[in-house]
Structures are given as C-alpha cells and as structure tokens.
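The values are calculated or read from the model by the stated rules, or taken from the named source; none is laboratory data. What you see is a predicted model; the values in this text were computed from it and never measured. Virtual Cβ from ideal backbone geometry, glycine too; neighbours counted across all protein chains shown.
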Amino acid sequence: MANEENTLDTLLTEDRAFPPPPEFARAALVSDPGIYAAADADPEAFWAGWAGRLHWFKPWDRVLDWQPPFARWFGGGTLNAAYNCLDRHLDGPRRTKRALAWEGEPGDRREYTYEQLHAEVSRAASALKGMGVARGDRVAIYLPMVPEAAVAMLACARIGAAHSVVFGGFSAESLRDRIRDAQAKVLITADGGYRRGGVVALKRAADEALEEEGGCPGIEHVLVVRRHGPDGEVLGGARMKQGRDRWWHDCVAGAEAECPAEEMEAEDLLYILYTSGTTGKPKGIMHTTGGYMTQVLATTQLVFDLKDDDVYWCTADVGWVTGHSYIVYGPLAAGATVVMYEGAPDAPDRGRMWKIVEDYRVTIFYTAPTAIRAFMKWGVDWPAKHDLSSLRLLGTVGEPINPEAWIWYHKHIGHERCPIVDTWWQTETGAIMITPLPGVTETVPGSATRAFPGIRADILTLEGRRIEVGGGFLALRRPWPSMLRGIWGDEERFRETYWSKWAGKTVGEGDDAQPGESVYFPGDGAKRDERGNFWVIGRIDDVLNVAGHRIGTMEVESALVDHPAVAEAAVVGKAHELKGQAVAAFVTLKEGQEPTDALKKELSDHVVRKIGAIARPDDILFAGDLPKTRSGKIMRRLLKDIAEGRALGDTTTLADPGVVARLKGDYESREG
C-alpha cells in the first residue's frame, strides 16, 4: 500500500517525548485526560458548556443544526462579540486590569485597561455609525500592528458590521480586490507604520487602491489613524482627500462614549477574512458569531492554560486569522492581558523579542516555526542576554515545526521547563483543532499530538479508508463551532474546495464506516504514529512523488534542519526523467557555518541516515535567505520554478522579492 497514490510514505521517526512537567500539571486547568472521552461521547454538551461561559442576551434553542455542509450553532441565541470581550469584564476586578499592552517598533508604548479599551471601542463604534455604517455592512481594515487595529475590529463587532482585515503588508492591488469583493463601505487605514526602521506607507497604498484602475466606488469614507513619527510628522507622505478622508483622532475622540452593543444572532456574520486560493481570486472565508466565540474562548483557556495573572503574547499580525482568534477575540473574551508589538523581530537588534518578554514579564509566548528557525540562525547568545524566567508555556502556529527547531525552542527559550503546544488549524477552521493540552499531553517534537476535545480528526485514503498508523489525507469528520460558514459570494467554490474529496464514498471501516458522510478536507497531508499522535506533513500540493513514493516536504526539511549546521530548509520536487521527481533542497546555514561541497555531501548523507536513500536530495543549494510571504511562509512554488528553470511566477506577496532573483541567479550560475 505504501506506494499507492492514495497514501503517503512517512519515513521520518521521532522517539523523543516530553511529559508535562509535574509542577505545571498540578496547577493546570486541565489535569484529567478524561476530558477527551467525555467530549467525544457528547460533543454538543461539551461545546454548550463553553458557550454558557459567554454572555448571551437570549439563550439558544438548539446547540447544532447540521445540514451538510452547512452548520448552525446555538440557533435562536443572541450575543455580541465585543460585549463578550469588554463589557462583561467591567463589573469586577478586571475593570481596572490591563487588557492591552502595546509597543511600537521605535519604542513608544501604550496601555489600556478593560475600562479604557471599552471606552475607546465605544467611541470608535459611534464614529462608524456617524459615517453611516449599519448592522450588516462591511468595513475594510488596513492597519499596522497598532492598538487601533483591535479597537476597529471590536467597534465593527459592537455595531453588527462585519470587518474584513487586510494585512498591512499587502499591495494596493490586493487591498482593492478584497474591498471590491466584500463590497466594503468604509476603509480604516493609517498614514503608515514602522518595519525594520523604515516606514510602510499604508495611506499611499490605500489611495492607489481606491483611485487607480477603477478604484473602489463602494467606499464612502476613509478613517485614517495617525501613526506619529519621531517628530510628529505624518508618515509616508500621506495626503487627505477632502470629503472622503477623516482623521481617526478627530472623529473618535469627539464621538459619543456610550454605544450599546447590538444583539446579534449566533449565526450573524462577524468577519470575512481572505485567504489565498491555489488558483483564481482569494477566498473570502466567513465566520459567524456564537460558535466562533465559543471555540476561541475554549481553546484560548485550555490550550494555553490561561490564568488570570498571565501576560500573553501572540506574535502574529491581526491581518491573519491567528491575530483575529488569539490576539483579539479569544484572549479578550477570556479577560487576559495581551501584549502587541508593531515591528520586526530584529529591530533594532536580534534580541528585540526577548527584551519584550523580559520587560513585560510575558508568561505565554505563541509564535511561528519560521520565527523560531530565524532565532536559531541568529544564535543562542541573543536570548541568553535576557531574563526569560517569566515564561511558563510556549506555543507554535502557522506550519509544521521541525523537531530540531522544537528542541531548540524548548532548550533555549523554555529552558526545558515550559511545555510547548504545537497547534494545527487554519483560517477556515477559525480556531485550534489539533494540539496538546499542556497539563495532560505527552508532547513529541514535530507533532501536534491529538485533536482538541470535541474535534474528530482522522487520516484517510482517497477512497475513504481510515489509516490507523501511517500517512494519508487529514480529514475532519464532525462539525465544529468555529468552522467557516462559506466563501463570501461563492457557495459552489465552498462545496468544491472543502467538501468534495470524499463525496459519495463510504468513509471509515467496520463499525466506524459512515456511508455518505460529509467530510471536510483541509488540504493537508498527515500521518498518525503508533501512539496515535498526528503529524501534519504539509499541503498536499507540496508532496513529492519520488520513484512512486509520495513523501511530504516537511519530513525531508526536518531531516536537513536536524543537522547542526542548518537553520532552515525548503524542499521542492524537480522533474526527473527516471524518478518522475527528484528532491531539490534550498538550505540556509546558521551563522558562522561555511557553505562547502563537503558540507553539501554531509547534508545529503544525513538525510539518508534520517529517512532513507529514497529521500536523498539530488540538488542542494545554499541560500542566504528563502522566499517568504509577508506572513513568513516559504513560497515553495517559486523555488520549484527556479529548480525547473521556468519563468518566475507572481512575487507580489513576498516580503523581499529580491531574494528570488538572487536564488535564481545562484542556481543558474551553478547549473551553467
């Protein structure tokens, strides 16, 4: 079976395991593994219990109405997301608790208590209403990582308008496409923001989106946050268009401080967030209110073991779903103290992140494997300069983490005393789906371990056969509260993209078999080991087919990163007339390491020792950096173009398009 098209070869093994530290486990919110069986036996009761921790204006009539592929959670109930993040905390000690602690790249700081954040959100909501924004309208948000980004999101939620946040690193064209598709009425942006000491001219890009190539005729007003420069100047050369553009500080400061929260139906739209499709225009993922708030609250508290005295820092941008769920809605609904940082991790130096941890006494730190590999590359001296003793839990998000990066994180950041929660989820799922619970789960480097209570994840073949041990296609076989409710304006694409892979097939075997079961396909390959742990191998698009063996790129990359000289690796398939595909590897070395032919052979042999001869790279190219999107994900598609000598594809979403040109030149000069 191993070589059939409907399975994946899973050759990399990992024997290291880490039980919860006894002291952590004794004080953990979840210390009884029985939570899994209880939630699996009655998932609706489990989720209803968490929904009951939210404030509802009117209780629900029914927990779940499942008409595949459409789910309605907590039907008949009414609530408001902003009310649950702010108002409900004002009657007790959280009123004066620090809700948000923000630091800008230049070093400026602002803090808000829950009372102060509530007042700011209420005034912003009143200002939006004054611009004609009403329940059901859409508002586009294009901001740097400043407090106003969270305030704007909550202000929209407060008045029942759906927000569509566009990452501040996206181009004018990307912004225009998203505004038009969502038919947004108002745009909230800023004159600019800071990144590695430079200014990102957001207002200039917004003007281009609104005024060139047909513009965005639906936008009636633009609300502009003034991100003051060091001398108080307007950043990025922003200009204001009379009659359309207004300054945030003028509108919000003078707005009415009382703005009652709208009573929203549980299934009313909370936000649209666009995620790139493999082809065609981006997909507008729709998330509603009641189920989403239930699952982000449950996962925030249980996955991060969040206590009232924690200081929590998720390093994501609010332009991504991680920022939505685990900077704004989840942590604030839980009454947490949230740290936000505007800039780059190496500005002004490579110790910036650890200085923030030290200064704010951060206890929970949630970041991406891409960032961890960058920290590895920079060396252990940077974190060693700072006091990280406040940390008690670490997390990873965004892509599978290589085992050696996990071990580095555990040793040099957690000092071998902090559990690591490696979380798998995506924009479409809305909240964490596969993860350890840090007080009960034995963690394994590189594995997200097991499904969160109430979630039914599985590994299937293309025919729908369940794979107990081995690799196949990751599947979700039960509806979950924070699941996407569709793609904005495109129901057929929603059905085809996520629900068609096993349509009409019998899923499972024996007592587990479900004829005609509606199964969600997230697009990832995965394996399950003998202990029942899940290993997400990566996007099916990134699977290599080498001499009939389907191998996930993550496994080969992990074998390379396991070598002490390697900081980061990206692997792609290169056309080969005998094998079908050969392995081509792009490798970034740790500082102080020299790229030599001898090291190249050593790395190739190391992969064979870790995985087997089938995975030996035919090509290894040493690279100073790898092409990454502005969210930090490696663009393997471009690397494949380079390896196969094709013209380069679209590079507009890259953080540094120059990286691709340099790699292409290096590859071609070597080939020549």
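Take THR441 and decide whether it is modelled with pLDDT of 95 or more, of a type in the set (Ser, Thr, Tyr), under 20 Å from the mean Cα position of the chain (by Cα) and farther than 18 Å from ARG539 by Cβ. No: the conditions fail for THR441.
Considering every residue within the range 221-229, establish whether at least one is at pLDDT below 85 and not in a strand (DSSP E or B). Scanning the range 221-229 turns up at least one residue that is at pLDDT below 85 and not in a strand (DSSP E or B). Being closer than 21 Å to GLU103 by Cα and either of a type in the set (D, E, K, R) or in contact (Cβ under 8 Å) with a residue 24 or more places away in the chain (or both) is a property that LEU202 has. Out of all the residues in the range 94-115, is one or more touching a residue at least 12 places away in the same chain (Cβ under 8 Å), polar (S, T, N, Q) and not assigned by TED's automatic domain parsing to the domain that holds TRP502? Yes: one or more hits. Based on what the data block shows, is PHE74 surrounded by 15 or more Cβ atoms within 10 Å (Cβ to Cβ), touching a Phe, Trp or Tyr at 6+ places or on another chain (Cβ under 6 Å) and outside any loop (DSSP other than H, G, I, E, B)? It is true that PHE74 is surrounded by 15 or more Cβ atoms within 10 Å (Cβ to Cβ), touching a Phe, Trp or Tyr at 6+ places or on another chain (Cβ under 6 Å) and outside any loop (DSSP other than H, G, I, E, B). Quickly run through the range 133-156 and pick out the residues that are closer than 16 Å to LEU100 by Cβ and of a type in the set (A, V, I, L, M, F, W, C). Once the filter is applied, which keeps residues that are closer than 16 Å to LEU100 by Cβ and of a type in the set (A, V, I, L, M, F, W, C), the range 133-156 yields LEU143, MET145, VAL146, ALA149, ALA150, VAL151, ALA152, MET153, LEU154, ALA155. Counting only strands (runs of 3 or more DSSP E) wholly contained in the range 235-310, the ones carrying 2 or more residues that are in contact (Cβ under 8 Å) with a residue 24 or more places away in the chain, charged (D, E, K, R) and surrounded by 14 or more Cβ atoms within 10 Å (Cβ to Cβ) occupy 245-247. Of the residues GLY398, GLY351, GLY330, the single one that is of a type outside the set (Lys, Arg) and either crowded, with 24+ Cβ neighbours inside 10 Å or in contact with a strand residue (DSSP E or B) (Cβ under 7 Å, 6 or more places away or on another chain) (or both) is GLY330. Reported count of residues in the range 422-436, each being assigned to a loop (DSSP other than H, G, I, E, B) and closer than 16 Å to ARG531 by Cα, is 2. Checked against (1) over 20 Å from the mean Cα position of the chain (by Cα); (2) at pLDDT 95 or above; (3) not polar (S, T, N, Q), TYR142 passes all but condition (1). Residues that are β-branched (Val, Ile, Thr) and within 30 Å of LYS307 (Cα to Cα) number at least 1 in the following strands (runs of 3 or more DSSP E) confined to the range 439-549: 534-539. Go through (1) over 23 Å from TYR112 (Cα atoms); (2) out of contact with any helix residue (DSSP H, G or I) (no Cβ under 6 Å at 6 or more places or on another chain) for ILE372 and report which single condition fails. Result: ILE372 fails condition (2) only. For the range 434-461, the candidate set comprises residues that are hydrophobic (A, V, I, L, M, F, W, C) and within 27 Å of VAL357 (Cα to Cα); within that set, the residue that is surrounded by the most Cβ atoms within 10 Å (Cβ to Cβ) is ALA448.
Kindly evaluate TYR409 against the criterion of being of a type in the set (Ser, Thr, Tyr) and surrounded by fewer than 22 Cβ atoms within 10 Å (Cβ to Cβ).
Answer is no for this residue.
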